[in-house]
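To keep things clear, I will list the structure first and then write my remarks on it.
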């Protein structure tokens with residue numbers, strides 16, 4: 001009876017939390033509507049843009065300081081450039097932690113019949129989920145960086161062929177964004193965003209800086225500076241592109257060697273875990289059995 005009462009109170013608390021979050025959401029919607037009616041939407045445009053997809057969290061749950069800067073950097077590296085990406089990540093991390101806490105607590109109550117016995121695993125799994133969300137983001141950012149780095153030689157090869165055929169740099173970007181989505185699918189999307197910035201009237205320097213920030217790979221800012229020098233100073237672009245192609249190709253080879261080294265280490269661990277015990281049994285089994293038989297016969 002007490003367990004059912006505790007479960008009912010817990011369900012009521014969770015329902016109250018959900019209603020409170022929904023109420024905050026509707027309050028912010030009402031505040032945005034009031035700001036638009038009063039003509040204040042332009043002045044509060046950045047705050048409204050951040051809260052358009054997710055309401056603002058309390059200060060205790062929001063990312064601050066070094067944690068905030070790391071999350072923002074990794075979100076950009078992972079390909080999330082929206083202004084509300086940080087708030088969305090914080091909300092998702094908190095929601096995952098709460099879901100794991102509720103699931104663990106209900107599982108412990110179903111097994112042991114008491115919420116008190118499940119407090120330690122609940123707090124442990126909740127903390128691991130909250131911390132692990134950032135590591136998942138790091139893995140996503142590293143995976144995207146590897147994909148973009150592996151596509152860079154193909155992108156630069158395409159650009160070099162177009163430039164050698166007499167196409168200008170601006171037309172080269174537009175051709176890649178329009179026709180090369182199969183060869184370089186990830187870079188073509190970023191180049192398309194660069195073309196959109198240029199079509200909106202942005203300066204080439206600003207557009208190239210934004211492109212390098214979106215790419216977020218080592219060497220992208222140097223490549224953007226090379227494009228600027230080619231446009232404004234008439235620098236020869238094809239020889240420099242050959243050097244960049246050689247550099248990114250060497251990075252691919254180095255990453256492949258690194259992966260081979262990791263596979264070798266994993267195979268050694270697998271051999272130690274699975275093969276060595278069986279090998280010890282095969283080699284040491286007959287002598288040990290003979291010694292045991294000798295001791296038994298001597299005892300008799």
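We did not get these values from a lab; they are worked out from the coordinates using the rules stated. What you are looking at is a predicted structure, and each value in this text was computed from that prediction instead of being measured. All Cβ positions, even for glycine, are placed from backbone atoms using ideal geometry, and neighbour counts span all protein chains on display.
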Give me the distance in nm between label points sitting 7 Å out from Cα along the Cα-to-Cβ direction at residue 295 and residue 258, one decimal.
5.2
Relative contact order for segment 65-145 using alpha-carbon pairs under 8 Å, separation at least 6, rounded to a whole percent?
43
Hull volume per residue for segment 147-252, using the convex hull of the C-alpha atoms, in Å³ is 87
Would you mind calculating the gained length between residue 25 and residue 283 on full extension (0.36 nm times residue separation, minus the Cα-Cα distance), in nm to one decimal?
86.0 nm
Approximate spin-label separation residue 157-residue 171, in nm, with each point projected 7 Å along Cα-to-Cβ:
2.3
List the relative contact order of segment 147-252 as a percent without decimals, with contacts defined as Cα pairs under 8 Å and 6+ residues apart.
35
To the nearest 0.05, what FRET efficiency results for residue 238 and residue 68 with a Förster distance of 35 Å applied to their C-beta separation?
0.25
Need one number: nm distance between label points at residue 206 and residue 179, each 7 Å from Cα along Cα→Cβ, rounded to one decimal.
3.1
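Can you give the FRET efficiency for residue 250 and residue 272, using 1/(1 + (r/R0)^6), R0 = 41 Å, r = Cβ-Cβ distance, to the nearest 0.05?
0.75
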